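For reference, the structure discussed in these notes is given below.
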Amino acid sequence: MRFPGTPIGPLDYHRRLPLRLILISSLIFLYLPILTLVAFSFNDSRRNIVWHGFTLKYYQKAFADSELMLAFGNSLSIALFSTLISTVLGTMAGYLLWRFRFGGKTALEGTLAMPIVIPEICMGVAMMAFVARIGWPQDLPWPLNLSAITAAHIAFCFPFAAIVIRARMESFNRQLAEAARDLGATEFQTFRDVVAPHMKPGIVAGALLGFTLSLDDFVITFFTSGPNSITFPVKIYSMVRFSVTPEVNAASTILIILTVALTAIALRIQRRYPIAGV
Amino acid sequence: MASQISQDTIIRIEGVSKKFGRLQAVDNVSMEIKRGEFFALVGPSGCGKTTLLRLLAGFETPDAGRILIEGRDMTGVTANHRPVNMLFQSYAIFPHMNVETNVSYGLKIARRPRDEIMARTEEALGLVKLSGYEKSHPDELSGGQRQRVALARALVMRPAVLLLDEPLSALDAKLREAMQLEMVHLQKTVGITFLIVTHDQSEALSMAGRIAVMHQGSVRQIAPPGELYEAPNCRFVADFIGKINLFEGTARPADQPGRVRVHTEKLGILELQGDAEGSVTLAVRPEKIIISHEPGGLEGQISLHGTVMDIAYFGGHSKLFIDIGAGQPLMAEITNSNRNGGPRVAPGDRVRCGWRAVDTLLLTE
Ligand SMILES: Nc1ncnc2c1ncn2[C@@H]1O[C@H](COP(=O)(O)OP(=O)(O)O)[C@@H](O)[C@H]1O
Ligand SMILES: [Mg+2]
């Protein structure tokens, strides 16, 4: 292959053949399966092999599937509640770690990251054992039937929120908080008027992160869900066990769109607030 | 004790110490600051100036001693309840609030009536010449303007004392000089006591009515600028404030009472006013030295001979570095008072450097 114009500079990695090949194959392996899934959700054929024409009927079918919709509702409720609680907890933990010096702070920061590094399967098994051991009631009316899963989701979402918010506080100029105190503000007023506005992008990012993590979590949820508390990913899994139908494709596409949209919002919010520590 | 504090003492620091780990940041400092005074705290970087200021503002608690502001013991009083305000080194303008909201923040916290908040905010912005910038955002302002916002935000509170931590260090030389004058003027206008911290001794000399020189956590001398310059009480202050020539020597009491004989290697034996015994330092400021080409000294003068090594030209004056044998060259200053005249000196010239014995400082510490 010949490149027209200037010779390849030492840093023009993207113009060298081997690197181009690696880049292209990574993109193919990453995105082609997803694109196929999305495309075949619109395919007018029961089998996912040949393109037969465009249709929306599998979306209609998916939306008409009351079990699938119930699972979708469950997932949204769990994500909403666990996000709310884990964001509050994460904000408090992030503030605590920034504001105070205390014994065992390093240990606490380390422990905080544990749910992130522990293999999800272990978390799942542990949660299942825990729920069974304390005899968490199983057949409660909606939404209490989701409480065990929600608790499990809070446990693994909250560290993400705490870490994002803690990281955000690194760029906070402590003199801002002192200036507020100096002008007569109480500890709470200082938090409300000066610290929280700086934290906000971190809080939003932490919340969106938690929401997407909770929404598409399978492993931990699988171990904590009972027969009357099926979530969307768990439901899709059970559908796939029989065959990959276009309904599954349609349902998955909806999940993808939701997750991508939320991630995009999170990124936008983070970009709108650079490190701004005037 | 409290009854002895005079009416015009606004801050009284009594034996305050502060340690960070094993580092003694502030070491048994005692001083009094008078109402309406422009007081400067000066010293090299890391000598504990900021720490002392933070102790006054309530951001640090002393390990020992106590602080009284307007006669009230500040022990246990948190920063938000102290009648002082601080101008932070980083200005600490709230980045998500505009100029007006920044300046009125303290008054809102104090729940002042709306009209009063508006009026006082406007007045404060006028004082710092920022009228018309009410709706500006901090990131649209220059460094100097941000500092004015910080100044207005503190002044609007009408504190008993305004604490300023290196307020001018981030400005460029020209702006700094203008701001020095403006600060002095502003202080006179508002009548608030200013306590300014700086590592720049010339800044302290030009602005303050009284100066405390700090070194390694303790205060070495508190005096008006002139006294600090002409009568430093120790070698550290003499060397830190302005430029000075130092000569090591040993002192013995002279026959006459109140006078000492000091022997130094360079200057020989001198008899001076004072009272000392053992190792001492003699000091003379560069501008006290008179340079001439004629040999021979005058009565009551100390004379040295040397060779001019370097001349640094500063426009209004020039600095000469004169080799007088071993050790540091002698620094002398000459005023370029005539366009065409004056003592014509050139590098390599043999010159006589003389100064009056009364201009010699005897330092025992
Ligand atoms: N919070 C702190 N923790 C530990 N050491 C500190 C702290 N604040 C200041 N110091 C140390 O105390 C000494 C005095 O600091 P500071 O008061 O800031 O000096 P200055 O303002 O005169 O430059 C310095 O050696 C500094 O490193
Ligand atoms: Mg300092």
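The values are calculated or read from the model by the stated rules, or taken from the named source; none is laboratory data. Please read these numbers as outputs of a predicted model, since none were measured by experiment. Cβ atoms come from the backbone with ideal geometry, glycine included; neighbour counts cover every protein chain shown. What goes into the accessible areas is simple: the full protein's heavy atoms, side chains included, and nothing from ligands, DNA or RNA. Shrake-Rupley method; radii C 1.70, N 1.55, O 1.52, S 1.80 Å.
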Item to check | Residue check, B:GLU248 among the acidic types (Asp, Glu), in contact with a Ser or Thr (Cβ under 9 Å, 6 or more places away or on another chain) and closer than 25 Å to B:GLN216 by Cα | outcome: yes
Item to check | Set A:LEU140, A:LEU176, A:LEU108: member being more than 14 Å from chain B (Cβ to nearest Cβ) and within 26 Å of A:GLY202 (Cα to Cα) | outcome: A:LEU108
Checklist outcome for this item: By my count, helices (runs of 4 or more DSSP H) wholly in the stretch A:46-144 with at least 3 residues that are open to solvent by 80 Å² or more (accessible area, probe 1.4 Å) are A:57-64, A:66-99, A:120-133
Checklist entry - In this structure, does B:PRO253 turn out to be more than 16 Å from ligand 1 (Cβ to nearest atom), free of Cβ contacts under 8 Å to residues at least 12 places away in the same chain, over 26 Å from B:PRO286 (Cβ atoms) and not assigned by TED's automatic domain parsing to the domain that holds B:GLN147? => result no
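Quick one: which of B:ILE93, B:ILE69 is among the β-branched types (Val, Ile, Thr), away from ligand 1 (no atom under 16 Å from the Cβ) and within 23 Å of B:PRO224 (Cα to Cα)?
Only one candidate passes the filter, namely B:ILE69.
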Checklist entry - Residue check, B:PRO113 against (1) at pLDDT 90 or above; (2) more than 27 Å from B:GLU70 (Cα to Cα), all met but one. Which one? => result (2)
Checklist entry - Of all residues in the stretch B:247-277, which are surrounded by 13 or more Cβ atoms within 10 Å (Cβ to Cβ), under 18 Å from B:SER303 (Cβ atoms) and aliphatic (A, V, I, L, M)? => result B:VAL262, B:LEU267, B:LEU270, B:LEU272
Item to check | Residue identified as more than 14 Å from chain A (Cβ to nearest Cβ) and among the aromatic types (Phe, Trp, Tyr) among B:TYR133, B:TYR91 | outcome: B:TYR133
Checklist outcome for this item: By residue number, the members of the stretch B:27-51 that are in contact with a Gly (Cβ under 6 Å, 6 or more places away or on another chain) and within 12 Å of ligand 2 (Cβ to nearest atom) are B:GLY48, B:LYS49
Next on the checklist: Take the conditions at pLDDT below 90 and open to solvent by less than 80 Å² (accessible area, probe 1.4 Å) and apply them to A:PHE40. Does it pass?
Outcome noted: yes
Item to check | Some residue of the stretch B:9-28 being farther than 21 Å from B:LEU228 by Cα, within 8 Å of ligand 1 (Cβ to nearest atom) and within 14 Å of chain A (Cβ to nearest Cβ) | outcome: yes
Checklist outcome for this item: Considering the stretch B:212-228, residues that are touching a helix residue (DSSP H, G or I) at 6+ places or on another chain (Cβ under 7 Å) and more than 16 Å from ligand 2 (Cβ to nearest atom), and then whichever is most open to solvent (accessible area, probe 1.4 Å), we arrive at B:ARG220
Checklist entry - If a residue has to be touching a residue at least 24 places away in the same chain (Cβ under 8 Å) and more than 15 Å from B:ILE222 (Cβ to Cβ) to count, how many in the stretch B:28-47 make the cut? => result 4
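Which one of B:ALA160, B:ALA170, B:ALA178 is open to solvent by 10 Å² or more (accessible area, probe 1.4 Å) and within 16 Å of ligand 2 (Cβ to nearest atom)?
After ruling out the rest, the residue left standing is B:ALA170.
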Checklist entry - Is there a residue being within 25 Å of the chain's Cα centre (by Cα) and within 13 Å of another protein chain (Cβ to nearest Cβ) anywhere in the stretch B:39-51? => result yes
Checklist entry - Can you tell me which of B:ARG148, B:ARG158, B:ARG210 is within 27 Å of B:LYS18 (Cβ to Cβ) and among the charged types (D, E, K, R)? => result B:ARG210
Next on the checklist: Would you confirm, using the coordinates I've provided, whether B:ALA178 is of a type in the set (Gly, Ala, Ser) and within 14 Å of another protein chain (Cβ to nearest Cβ)?
Outcome noted: no
Checklist entry - Among the candidates B:GLY242, B:GLY268, which residue alone is in contact (Cβ under 8 Å) with a residue 12 or more places away in the chain and small (Gly, Ala, Ser)? => result B:GLY242
Checklist entry - Only one of A:ILE236, A:ILE230 is open to solvent by 30 Å² or more (accessible area, probe 1.4 Å), assigned by TED's automatic domain parsing to the domain that holds A:TRP136 and at pLDDT below 90; which? => result A:ILE230
Item to check | Residue satisfying all of: in the stretch B:188-202; within 16 Å of ligand 2 (Cβ to nearest atom) and open to solvent by 10 Å² or more (accessible area, probe 1.4 Å); farthest from the other protein chains (Cβ to nearest Cβ) among these | outcome: B:GLN201
